[in-house]
Amino acid sequence: MAKVNNGLQPAAFEWSGESDAELDRFEAWLADPANDRQKHALVNTLSAVGGVDLKRVTWNIRSYLFSCPLSRTINWKGVNKKRAFHRMASRTLLSRAVGKCALTATATEAQIWRHAIRWFALSADRRGGRQERLARQQQEQQQLPQHPPSDFV
């Protein structure tokens, strides 16, 4: 988030969105009320990411914040040993940024959450995830012992 620098203050937060440890630091930073001014600058920056409709604005902001490998460790409810997005401070950040965007200013939180949930659900298919799964399945099939068909009489 070093991109969040309007010239009047230092960058809000150094964040690449790559690791769980960084996500923990980012969430703690968002929860700290002392960073309200920088959070406001971050919301302004995220609202400028843009898109053509509510879905694209929400997805573009998500892509800006979270890398694909990190997004695979998050879902809405936190099931299957993943982080619960609905309890994260970045959920509020997303809502404020989407609401500040002129194109999506009238969007309700339920609409925003629907698109955020879908973005996390599809994260396993992004950036070659589907091809990786296909290659892994093919490799597993090749490793299985080949048994000739038996004749039952």
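Observations
- Any hit, region 93-101, residues being open to solvent by 40 Å² or more (accessible area, probe 1.4 Å) and farther than 22 Å from Ser19 by Cβ: yes
- On the stretch given as region 12-61, residues that are in contact with a Phe, Trp or Tyr (Cβ under 6 Å, 6 or more places away or on another chain) and either touching a residue at least 60 places away in the same chain (Cβ under 8 Å) or exposed (fewer than 13 other Cβ atoms within 10 Å of the Cβ) (or both) total 2.
- Here Ala135 fulfils each of the conditions (1) among the aliphatic types (A, V, I, L, M); (2) open to solvent by 20 Å² or more (accessible area, probe 1.4 Å); (3) in contact with a Phe, Trp or Tyr (Cβ under 6 Å, 6 or more places away or on another chain) apart from (3).
- Residue that is least open to solvent (accessible area, probe 1.4 Å) [pool: residues in region 102-129 that are of a type outside the set (A, V, I, L, M, F, W, C) and more than 17 Å from Ser71 (Cβ to Cβ)]: Thr104
- Scanning region 62-92 for residues that are of a type in the set (A, V, I, L, M), part of a loop (DSSP other than H, G, I, E, B) and buried (at least 18 other Cβ atoms within 10 Å of the Cβ) returns a single hit, Met88.
The values are calculated or read from the model by the stated rules, or taken from the named source; none is laboratory data. Being a predicted model, the structure only gives us computed values, none of them experimental. Reconstructed Cβ throughout: ideal geometry from the backbone, glycine too, with neighbour counts over all protein chains shown. For the accessible areas, the whole protein counts, side chains as well, though only heavy atoms, and no ligand, DNA or RNA atoms are used. Shrake-Rupley method; radii C 1.70, N 1.55, O 1.52, S 1.80 Å.
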